[in-house]
Amino acid sequence: MTEAALSYPLTRARLDNGLQVVVAPDAAAPGVAVNLWVDVGSADEQPGRTGFAHLFEHLMFQGSANVASGEHMATVEALGGTVNATTSSDRTNYFETVPRGALELALWLESDRFSSLAITAENFEAQRQVVKEEKRQRYDNQPYGDLLELLTAQHFPSEHPYGHLTIGAMADLDDASLDDVAAFFDTWYRPANIRLVLCGPVTGDEGVALAERYLGGLPARPGRAPRDVPEPPPGPPTVVSVTRDVPHPLTYLSWATPPAAHPDQPAIDLALAILADGNTSRLHRRLVRHGDLANEAHSASLTHRSTRSVAALLARPVEGVPLPRLSDAVLDEVARFAHEGPTDEELARAIAQYEREWLWELATTAGRADAINEAWLLHGDPGQVNHHLADVLALDAGAVAAAAGRWLAPASAHQLHYHAEAAA
C-alpha cells in the first residue's frame with residue numbers, strides 16, 4: 001500500500017471581483033491545466049426553462065468579441081493542447097491543457113468569452129438544433145436511452161431541481177427566447193460564481209497574478225444565493241417495468257444514498273465495488289459463475305451536491321430467467337453482505353482498486369485540476385484532495401458493512417426492469 005497522505009501544495013486566492021483561484025504547482029508537468037467550474041448546473045434551472053446550463057456548454061465555443069466561432073477550440077488544439085466542457089446537475093466545467101508557453105493565451109481566450117460571449121439569435125438557434133440532435137443520438141435512438149430518465153423519475157418528482165436530465169426538455173428549449181438565454185448567462189456567469197484551478201509548471205504567485213491580469217477585469221457582481229433544494233418527499237420503493245427495442249433484458253436496483261460530501265459515500269463506493277466490480281465480485285460469483293442466473297452484473301453511482309444521491313446495481317439475466325427472480329437474488333446477496341460485511345481479502349482488493357484509480361486521476365495535471373475543483377465545490381475545501389485517500393484507506397470492514405446496511409437495504413430498493421421486445 002502506498003503512502004496515503006498526499007501533499008500537493010495549493011495557493012488559494014480570491015480576486016477583487018469575487019473570482020476564486022487555486023494554483024497547484026507541478027514543475028515537472030509537460031503542460032498546464034486551466035480548469036474553470038461555473039457554479040451552475042441543471043439543478044439551478046427553473047421549471048419550464050430546463051436545458052440552459054447544458055446549452056451554454058455549447059454556446060461558450062461560438063465566439064466572442066475577439067474570437068470567431070469555433071476558434072477557441074481550434075487555437076488550443078493547433079498548439080497541441082486539449083479543450084472541452086461538461087455539464088452536470090451541479091456545475092458547468094470548461095477546461096483545457098496547454099503547453100506552458102500558451103498559458104497566457106488560454107487565459108486570454110477564457111477572459112474574452114466570459115466577458116463578451118456572442119449570444120446572438122444565429123448562435124442560439126444553431127446550438128439549439130445541435131442539442132436536439134444530441135438528444136436524439138444519445139437518448140432517443142440508443143438502446144436503454146431512457147434509462148437515466150426512468151431512474152431519475154423513481155427518485156425525484158419532475159418538479160424537483162434534480163428531477164430532470166441535464167440535457168433538459170426539448171420543448172423548453174423550443175419555447176426559450178434569446179432574452180431568456182441572455183438572462184441565464186447574466187445571472188450565473190459572474191466572477192463570484194467561478195472557480196479557477198491552474199495545475200502545472202506555474203508557481204502559486206505567478207498563477208494568481210496571471211488570473212488577476214486576465215480575469216480580474218471581469219466586472220464584480222454579487223454571486224448566487226445559496227441554493228435551496230428541498231428534500232424529495234418520502235415514498236415507498238417502486239417497481240417499473242418497460243418493454244423496449246433493446247438487445248437484452250436488464251434489471252436495475254437503485255437506492256437513495258446521501259449527498260456527495262457525506263462521510264458515508266466512500267464506504268458506499270467500496271460496498272458497490274465489492275458487490276459488483278469485476279469477476280471476483282460477490283454478484284459475479286453468486287449469479288454468473290455459480291448461480292447460472294446472470295450473464296453480467298455491475299454497479300453505478302450518481303452523486304449530487306445538494307440532495308440525496310443514487311446508487312444502483314444492474315444485472316443481465318441468463319435466457320429464461322425472469323427479471324423478478326434475478327432481482328430477488330441480487331437483493332439476497334446485498335442483504336447477506338450488509339449482515340456479514342466484506343472479508344479481509346474483499347476489502348483489501350476494493351481499497352487497492354480505489355487507490356489505483358484515484359492516483360491515476362491525480363497523475364495528470366488535467367485530472368488533478370478537476371479533482372481539486374470537485375473537492376472545492378463539494379466540500380468547500382480544495383485541500384480535501386490531499387486527505388481523501390487517507391480517509392478511504394482508514395475504512396474497515398465494519399464501516400463498509402454499516403454503510404451498506406444504512407443505505408442499501410433491500411426493502412428500500414427501487415426496481416426497474418427492461419424487457420426486450422420479442423423478435424418479429
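What does a probe at ARG285 reach in region 326-345, counting residues whose amide N is under 17 Å from the point 7 Å along Cα→Cβ? Correct set: 330-345. Between region 367-387 and region 3-60, how far is it from one alpha carbon centroid to the other, in angstrom? Centre-to-centre distance over Cα atoms comes out at 10 Å. Under Stokes-Einstein, with the Kirkwood radius over Cα pairs as Rh, the value for region 41-116 at 20 °C and 1.002 mPa s is 162 µm²/s. Computing mean projected area of the Cα convex hull in nm² directly from the structure and comparing it against (i) 28.1; (ii) 21.6; (iii) 19.7 singles out (ii).
Between region 194-229 and region 265-340, the alpha-carbon centres lie 42 Å apart. With θ taken as phi - 60° and the Karplus curve 6.51 cos²θ - 1.76 cosθ + 1.60 applied, the whole-hertz 3J(HN,Hα) list for region 71-76 is 6, 4, 5, 5, 5, 5 Hz, x standing for glycine and proline. For region 310-424, a Kirkwood hydrodynamic radius built from all Cα pairs, placed in the Stokes-Einstein relation at 4 °C and 1.567 mPa s, yields a translational diffusion coefficient of 75 µm²/s.
Averaging 1/r over each pair of different alpha-carbon atoms in region 210-280 and inverting the result gives 18.3 Å, the Kirkwood hydrodynamic radius.
Take the Cβ atoms of ARG224 and ARG100, set R0 to 51 Å, and the FRET efficiency comes out at 0.95.
The fraction of accessible area contributed by carbon and sulfur in region 342-424 is 57 percent, rounded to a whole number (1.4 Å probe; ligands and nucleic acids excluded).
Quick check on region 367-424: what are the equivalent-ellipsoid semi-axes from the Cα gyration tensor, as sqrt(5λ), descending, whole Å? Mind dumping the intermediate values first?
Working: eigenvalues 248, 91, 23 Å².
Output for region 367-424: semi-axes of 35, 21, 11 Å.
Under 5 Å from the amide H of SER64 lie the amide H atoms of ALA118, each residue being 5 or more positions distant or on a separate chain, with H modelled from the backbone and absent for Pro and chain starts. For region 304-352, the C-alpha radius of gyration sits at 1.52 times the compact-globule guess of 2.2 N^0.38 Å, with N the residue count.
Kindly state, to the nearest 0.05, the FRET efficiency for ARG136 paired with ALA300, given R0 = 22 Å and r defined as their beta-carbon distance.
On the way: r = 24 Å, r/R0 = 1.07.
Between ARG136 and ALA300 the formula returns 0.40.
Pair-distance distribution P(r) for region 102-244, from all Cα-Cα distances in 5 Å bins starting at 0: 2, 7, 12, 13, 13, 15, 13, 11, 8, 4, 2, 0 percent. Size of region 235-377: Rg and Dmax of its alpha carbons, in Å, are 16.7, 49.
Straightening the chain between SER241 and ARG14 buys 76.7 nm, computed as 0.36 nm per residue apart minus the Cα-Cα spacing. Counting only the Cα atoms, region 152-308 fills a convex hull of 229 Å³ per residue.
Find, among the GluC sites (Glu not before Pro) in region 333-424, those assigned to loop by DSSP (not H, G, I, E, B) with at most 13 other beta-carbon atoms within 10 angstrom. Working shown, then result.
Details: sites: GLU333, GLU340, GLU345, GLU346, GLU355, GLU357, GLU361, GLU374, GLU421; in loops: GLU421.
Passing sites in region 333-424 are GLU421.
GNM remark for the chain: springs join alpha carbons under 10 Å apart, and the peak mean-square fluctuation among PRO191, PRO157, PRO317 falls on PRO157.
The values are calculated or read from the model by the stated rules, or taken from the named source; none is laboratory data. Please read these numbers as outputs of a predicted model, since none were measured by experiment. Here the Cβ is made from the backbone with ideal geometry for all residues, glycine too, and neighbour counts use every protein chain on show. Side chains included, ligands, DNA and RNA excluded: accessible areas come from the protein's heavy atoms. Shrake-Rupley method; radii C 1.70, N 1.55, O 1.52, S 1.80 Å.
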